[in-house]
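To start, the structure under review is shown below, and the notes come after it.
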Amino acid sequence: MRIIDLFNKIFNRNHNKPNILTSGDQRYSQLVELIDGKDLSKRLTESLTQELEAVRHKYAGDFYAYPLQTKISVSDTRELVKKFFSSINPDLYKWVCDIDADVNPYAKLDKNYQGIESCVTNPNQLPVAVRLPVRGDLRQVYEAVHELTHTFDIKRGDTATRRVLGEIASQCMERLLDDFLLNLSDEDIKKYGFDRNTLEQDIIDRKLSTFFDRLRMTELIEKNEDGQELHLRYMLAQIYSSHIEQFGRAERIDRLKSFIKFVENDDFDGANNSLGMQIKKDNKLQRDNYIRDTISVVDTLVKPENKVDIEGKEELEVDELNK
């Protein structure tokens with residue numbers, strides 16, 4: 001099952017529902033209109049560079065299926081994820097530890113999960129279940145950080161603001177994880193059995209595979225494919241997470257903590273202001289800058305002067321994930 005189908009099943013979206021909208025649906029529609037996702041998607045796809053086009057085929061398909069070479073056990077994953085959140089914020093660290101200890105009233109780990117894609121169940125039905133597959137590689141760490149971050153803003157359910165901006169915090173947290181992994185001590189590298197060069201390559205591959213996955217969803221917005229709500233969320237996650245890379249680590253963390261609280265409280269403007277975003281369709285100049293930043297962040301990774309070896313990366317067949 002593809003990730004879009006999985007989420008649609010979880011959230012029980014009915015794309016053919018009647019025109020009688022709840023107040024939440026009306027507010028959501030208003031926010032979507034303010035953003036004009038089709039205009040953003042058109043700008044983004046038209047801005048793709050030749051260098052990015054040249055490597056796109058290597059990252060085709062869902063980024064879940066793109067293997068990373070750094071191996072890690074489930075127990076080391078749990079330890080490293082908690083260590084990461086400890087470096088971010090004590091309250092978020094405690095929240096994650098409570099989930100791990102099965103004492104968080106809002107979120108539980110689904111310890112019997114046998115699926116192949118990570119997810120969090122319907123936030124309108126608390127506590128949510130955090131579902132994490134076993135990969136055997138660094139994807140486990142990224143997916144745990146991503147899905148656990150989804151639980152930080154669920155106390156009020158899936159608000160209209162969260163329905164639009166709900167993927168942003170998780171992708172921003174992944175980019176903070178990049179920095180955390182790059183700065184692991186030699187002692188930790190040895191402890192977890194990592195190779196630093198391989199780790200650095202994996203971080204680049206994760207950023208690129210995520211970008212191309214989000215680009216694929218961006219193109220689905222232009223094609224009016226089903227699942228527009230999720231496509232928009234993922235496109236915005238790529239744009240916002242690219243934008244805040246301009247800030248230093250401490251400022252990114254502070255802004256992200258504020259953003260999460262605004263999303264939880266259904267404050268769309270407050271959430272955008274916290275990240276310095278002026279995404280509304282009337283702000284043409286700012287939107288142009290956001291698209292430029294989005295392309296620049298990943299284009300740098302594939303420029304000849306910065307390019308690392310991605311030619312030899314073995315592709316993982318989908319069937320292998322089902323074994």
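No value in this document is a laboratory result; all are computed from the given coordinates. Note that the structure is predicted; figures quoted are calculated from it, not measured. Neighbour counts run over all protein chains shown; Cβ positions are idealised from the backbone, glycine included.
So how do 113-123, 44-54 stack up, highest first, on mean other-Cβ count within 10 Å?
Numbers: 113-123: 17.6, 44-54: 13.6.
My ranking of the peptides, most packed first, is 113-123, 44-54.
What does the charge add up to near K111, with Lys and Arg as +1, Asp and Glu as -1, over the other residues with Cβ less than 13 Å from its Cβ?
Result for the neighbourhood of K111: 0.
Rank by packing, highest mean first: peptides 140-148, 128-136, 277-285, with packing defined as the count of other Cβ atoms within 10 Å averaged across residues.
Descending packing order for the listed peptides: 140-148, 128-136, 277-285.
Given K58/K223; K223/K284; K42/K207; K155/K281; K111/K207, which pairs have Cα atoms separated by over 26 Å?
K155/K281; K111/K207
Based on the mean of other beta carbon atoms within 10 Å per residue, what is the order of 210-216, 270-276, most packed first?
210-216, 270-276
For the chain, what is the mean residue ellipticity at 222 nm derived from helices alone (per DSSP H run of n ≥ 4: -39500 (n - 2.57); sum divided by total residues; nearest 500 deg cm²/dmol)?
Counting only the DSSP helices, I get -18500 deg cm²/dmol.
Quick one: go through region 22-42 and flag any residue whose amide nitrogen is under 16 Å from the point 7 Å out along the Cα-to-Cβ line of D282.
30-36
Contour minus end-to-end for S75 and E225, with contour as 0.36 nm per residue of separation and end-to-end as the Cα-Cα distance?
50.1 nm
Taking the Cα centre as origin and putting +1 on Lys and Arg beta-carbons and -1 on Asp and Glu beta-carbons, what dipole magnitude results for region 27-72, to the nearest 20 debye?
Roughly 200 debye for region 27-72.
For mean projected area of the Cα convex hull in nm², one of (i) 22.3; (ii) 16.2; (iii) 21.1 was computed from the structure I shared and the rest are decoys. Which label?
(ii)
Expressed as a rounded percentage, what relative contact order does the chain have, with Cα pairs under 8 Å and six or more residues apart? Working shown, then result.
Working: 387 pairs, mean separation 79.2, N = 323.
Result for the chain is 25 percent.
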